[in-house]
1. Name the residues in segment 137-166 that are within 20 Å of residue 204 (Cβ to Cβ) and loosely packed, with under 15 Cβ neighbours inside 10 Å, would you?
2. If you go through segment 317-326 one residue at a time, do you hit one that is more than 23 Å from the chain's Cα centre (by Cα), buried (at least 17 other Cβ atoms within 10 Å of the Cβ), modelled with pLDDT of 85 or more and closer than 30 Å to residue 42 by Cβ?
3. Checking the conditions here, which among 286, 296 is modelled with pLDDT under 90, loosely packed, with under 14 Cβ neighbours inside 10 Å and at positive phi?
4. Can you tell me which residues in segment 393-423 are touching a residue at least 12 places away in the same chain (Cβ under 8 Å) and farther than 30 Å from residue 274 by Cβ?
5. Which residue pairs have Cβ atoms closer than 7 Å, lie 6 or more positions apart in sequence or on different chains, and pair a first residue in segment 205-218 that is free of Cβ contacts under 8 Å to residues at least 12 places away in the same chain with a second residue that is assigned to a helix (DSSP H, G or I) and surrounded by fewer than 18 Cβ atoms within 10 Å (Cβ to Cβ)?
6. Which ones in segment 195-222 are in contact with a strand residue (DSSP E or B) (Cβ under 7 Å, 6 or more places away or on another chain) and surrounded by fewer than 18 Cβ atoms within 10 Å (Cβ to Cβ)?
7. Exactly one of (1) over 17 Å from residue 410 (Cα atoms); (2) assigned to a helix (DSSP H, G or I) is unmet by residue 463. Its number?
C-alpha cells in the first residue's frame, strides 16, 4: 500500500480553559480559609494589587506621598484610567458599576473596613507523642542497634500510638534481626503513655493491665480468651465460659471500658478545626437577610501608583510596560472573578432559601427533597457550577451551622407526599436517642415506628441511613449495666 502526504483543512469546536477561566473556576469552589490564602498569595505576586487596610487621610497617598492640589483634581480620563481604556476598552469604574446597582456590597472593594482577628485564633504550644517518646528514650541507657531500632519503631507510630509497620519491615529498616526488633518493641511498649506501641486494640488494652496490677485477673482472661465475645457484648456467654457470675463479668467489663483505646491522642498536636460559615442567613421582621462572610479576607483595589506609571509612557521601557500591563490584566481578572464568585454564592443561597423556606422558618423536619438540577434550572446556570458553589461551604442560619450539601437530598415517600431523606435520617437519630438503652430497637422496629409516622422506608434503607449516621447496630448499642 502506497503512502502519501497531503494537506487537509478541518473545522472543529473545542472548549479551551484559559488560565483566567481556570482561576475563576478555582476561586468559585474554594472555602473561605483557602480563598484568603490564595488572595494573600496574589497580593505578594502582583504589584498592581494592594490591600485596603484603612481609609487614607484626605490629600495623602500611601505609596506616593502627599498628593498635590493639581493631581487631586486632575480628570481620571487624563490620568490613571487612560491605560485601562487603551488596553481593555473600558474603565474599572464602568466595569464594576453593575455591582453597585443592586444595592449589595460583597465585601471586597469597600474602603474603611479594618481587618479583625478571628475569635478562634490562639497561640498554644503542645508536645506531641513523638517528642514525648523520644524524650523518654534519651533518658534510657539503650544504645547501638537496639537504640536505632527503637527510634524506627517510634517513627512508625500513628497519632493514636499504634504501630503501623510490621516487625519484618522494622527489621529491614533497622538492618536488625527479629530478636532485636522484639526487644526494642517491648521497650517502647513500656514507655508512657501505657498502651503505646500496640499493633491492635486487644494488645493495646492488655499492655495497660500491668501498671494497674490487673495481670492474672478476670479482666486479663476476658481480653485474652474472650475478646470476640466482649466485642459482641455476649456477657452471658463469657460468664459461662469462665464459670463466674454475671455480676463479675459486668465488673470486669466496667474496668475494661475505663482503659484508653487510643493512648496517643492526649499528645496529639492537631488543633481542632473550627468551621467558619461562608454565608449568614438571618430572619428580621419576617424576611430573611443573606450576608456573605468576608471576615479576614483582604479588601483589594488596583494600585494608583502603578496605574500612574502605566499612564506615563515616557517613564517605562517596552519590557516594563509589558510586565505591568500583564499584571494589570491579571489583577482586573482577579477582581472580576472575586466579584462573580460572591454574586454566584449569593444567588445560590437565595435560590436554596426560596426552595427551603419552610425549613428556615419551621425546622429540620420541613426540609424538602432538592437536587442540584433544581437550583441550576432556577438560576439558569450549569449544574457543575452549582456543585462547585456548594462544595465545602457552610451556611449559618436559624437552624444551626450547616453544610450547603445538607439542603440537597433524595425524596422518600410518605403519607403527606415526598419527604427529604435528611429528614428521615434525623427521625431515625431521634428514635435511637429516645430508645431504652437496655433494650435497643432493631432496624425492623425502627421501620415500624417510621411507618406509624406515615413514612414508608425499607429495612435495608433504614440500615443504610443508620450506618451513614455512624450509629452501631442494636446489639452493639445495648447496655447491660
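1. Matches in segment 137-166: 155, 158, 164, 166.
2. yes
3. On the way: 296 fails: loosely packed, with under 14 Cβ neighbours inside 10 Å.
When all the criteria are applied, what remains is 286.
4. 410, 411, 412, 413, 414, 415, 416, 418, 419
5. Pairs found: none.
6. 199
7. Exception for residue 463: condition (1).
Listed here are the residues, each with its yes/no results for (1) exposed (fewer than 15 other Cβ atoms within 10 Å of the Cβ); (2) at pLDDT 90 or above.
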| residue | (1), (2) |
| --- | --- |
| 380 | yes, yes |
| 387 | no, yes |
| 401 | yes, yes |
| 416 | yes, no |
| 422 | no, no |
| 431 | no, yes |
| 463 | no, yes |
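The values are calculated or read from the model by the stated rules, or taken from the named source; none is laboratory data. Just so we're clear, the structure is a prediction, and the values are computed from it rather than from any experiment. Don't worry about glycine lacking a Cβ; one is built from the backbone with ideal geometry, like all the others, and counts go over all protein chains shown.
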